[in-house]
Structure formats: C-alpha cells, structure tokens
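The values are calculated or read from the model by the stated rules, or taken from the named source; none is laboratory data. For clarity, every value in this text was computed on a predicted model and none was experimentally measured. A quick note on method: Cβ atoms are made from the backbone with ideal geometry, for glycine too, and the neighbour counts reach across all protein chains shown. Heads up: the accessible areas ignore ligands, DNA and RNA and are worked out on the full protein's heavy atoms, side chains in. Shrake-Rupley method; radii C 1.70, N 1.55, O 1.52, S 1.80 Å.
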Amino acid sequence: GAVVSQHPSWVICKSGTSVKIECRSLDFQATTMFWYRQFPKQSLMLMATSNEGSKATYEQGVEKDKFLINHASLTLSTLTVTSAHPEDSSFYICSARVPPGQGTGELFFGEGSRLTVL
Amino acid sequence: QQQVKQSPQSLIVQKGGISIINCAYENTAFDYFPWYQQFPGKGPALLIAIRPDVSEKKEGRFTISFNKSAKQFSLHIMDSQPGDSATYFCAASSTNAGKSTFGDGTTLTVKP
C-alpha cells in the first residue's frame, strides 16, 4: 500500500514551546491530508483537514491558533502545536487519501507522533 | 450523534478461534467501509475495506461482511493468532466528503 511518513515519532518539549510535526506522502500526491489526535485507549479524533494550497478546515472545538496546519506541497503537511502545555500531550496521527485517479481512494496513516509536554 | 457504532469494546478469543467485530452506521451517503488495525504506539494500518456494491470481501484470514439494508458491516478474523492482538477500528466515509468517521475501537486479545 501507499506510504505515509510522519516525523518525529516522539518528542518531549517544555511547556510554552512550539513543536512541529511533519507528514509526508512518499509515493503519491495528496491534495488532502488529515490530522488526528488520539488519547490512550480511545478512538481517533479528527482535528482538521489539510488542503494543499489553501487554509485547513478545522473541526468544531479545535483551536486553529493553537494547532497550526500548513500544506505547502502535494506531499507535505505540517502540524505545529504552539505554546504547548501538558494538556496537549497526546498521540498525533496524520493520514492521506490516495486520489481516485492515482489509486482506489484509500486512506493511509502515518506512524503517529507521541508528544509529551513537561 | 455517533455515526459509526462499534462493538464489542473488547474481545478475548482463544488461538484458532474466530474473532467477530461489528459496526453499524447511520449515514446512507457512506460508500467506503475500511477496517484498520492498530498496535500500541503505532498508527492505524489499513486491513481490508469494502464498498456497498458487494456483500462480502475476503483477504486471507480476514473477511468483511456487509449488509446494506441493515447498515451494518462486520470483520471476521478466522484462525485468530496471538499476533492479531491489537485494536481494530471500523470506519466509514463518502467519496465526495473525503473524511472518515471512526468507530470507538475494539481491543482484541488472542490467547495462546
């Protein structure tokens, strides 16, 4: 299947700092990527839809100024957690959908990034 | 309103047994129903998926059964192995909308 790479896989930062997580589609172009947050033993919570060349679409209750999303190219989307606090500690996962013209429209996930804010 | 309901929350099966996880959806616009397998500390991996034009799809030990009229679909894992122990998520999406709605997940434990 298609490969989605996420980096870093884990990061520890101090409260008040910002952290950037990258999501890359390695073997296909993704006009749309998705960012999720997952708490222990819970399902994936969609945070936002990242659209190449335009602003991200955030889900209700997600602070757009807190979680900055940039989709600068067809293969890269970034999530920046600004002024991180301990309550932002979580597992962040990105996904990308193979466009119907390049495949079957399946959704592939990155390996996830574990953020711990001290 | 939860659009995709998944059950059971947890499941324990003996090695060699059949694991069955069920999902029900509400939105009739959904036309793509995948199952994902997730190991601790890893992202979900696509396991198998089905579209509404077929009632069953089999890939190795994994089978999806789909009932369009009942708006239900299920994952069957035949000859379950300890290596299958993971969390399984069903999902549903519509091709036009793009984003997926996930079930709450089922933690499967296969005992040797």
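Proximity of backbone amide H atoms, modeled 1.01 Å from N, is registered between B:Gln3 and no other residue at under 5 Å, excluding neighbours fewer than 5 places apart on the same chain. Dividing the radius of gyration of the alpha carbons in segment B:66-112 by their Kirkwood radius gives 1.07 for Rg/Rh. With contacts taken as Cα pairs under 8 Å at a separation of at least 6 residues, segment A:13-94 carries a relative contact order of 40 percent.
Tally Lys/Arg at +1 and Asp/Glu at -1 over every other residue whose Cβ is under 13 Å from the Cβ of A:Lys55; what's the total?
-1
Computed extension gain for B:Thr95 through B:Asp53, at 0.36 nm per residue and net of the alpha carbon distance, reaches 13.7 nm.
Scanning chain B for trypsin sites (Lys or Arg not before Pro) in DSSP loops with at most 13 other Cβ atoms within 10 Å, what's the longest stretch left with none? If you can, show how the numbers build up before the last one.
Numbers: sites that count: B:Lys15, B:Lys68.
My reading of the result: B:16-67 is the longest stretch.
Can you give the Kirkwood hydrodynamic radius for segment B:1-95, in Å, rounded to one decimal and based on Cα pairs? Mind showing how you got there, number by number?
Numbers: mean 1/r = 0.0732 Å⁻¹.
The answer is 13.7 Å.
Computed about the Cα centre, the dipole magnitude for the protein assembly as shown is approximately 260 debye when only Lys and Arg (+1) and Asp and Glu (-1) carry charge, each at its Cβ. Every pair of different Cα atoms in the protein assembly as shown enters the Kirkwood calculation, which places the hydrodynamic radius at 18.2 Å.
Once the other residues with Cβ under 11 Å from the Cβ of B:Thr63 are scored (Lys, Arg +1; Asp, Glu -1), what is the net sum? Before the final figure, lay out the partial values.
Working: positive: B:Lys57, B:Lys58, B:Arg61; negative: B:Glu56, B:Glu59.
Here the count lands on +1.
Within a straight-line Cα-Cα reach of under 27 Å, B:Lys111 can be paired with the following lysines, leaving aside sequence neighbours fewer than 8 residues apart in one chain: A:Lys41, B:Lys5, B:Lys15, B:Lys42, B:Lys57, B:Lys58.
The Cβ shell under 10 Å around A:Ala30 holds other residues with a net charge of +1, Lys and Arg each +1, Asp and Glu each -1.
Give the Debye-formula value of log10 I(q)/I(0) at each listed q (0.12, 0.17, 0.20, 0.27 Å⁻¹), with one equal scatterer per alpha carbon of segment A:33-109, two decimals each. Rounded to two decimals, the profile gives -0.35, -0.68, -0.91, -1.41. Here the protein assembly as shown carries DSSP beta bridges of which approximately 90% are antiparallel, counting only pairs with both residues inside. The lysines within cross-link reach of A:Lys66, meaning a Cα-to-Cα straight distance under 19 Å and a gap of 8 or more places when in the same chain, are A:Lys14, A:Lys20, A:Lys55.
The share of accessible area on chain B that comes from carbon and sulfur is 48 percent, using a 1.4 angstrom probe.
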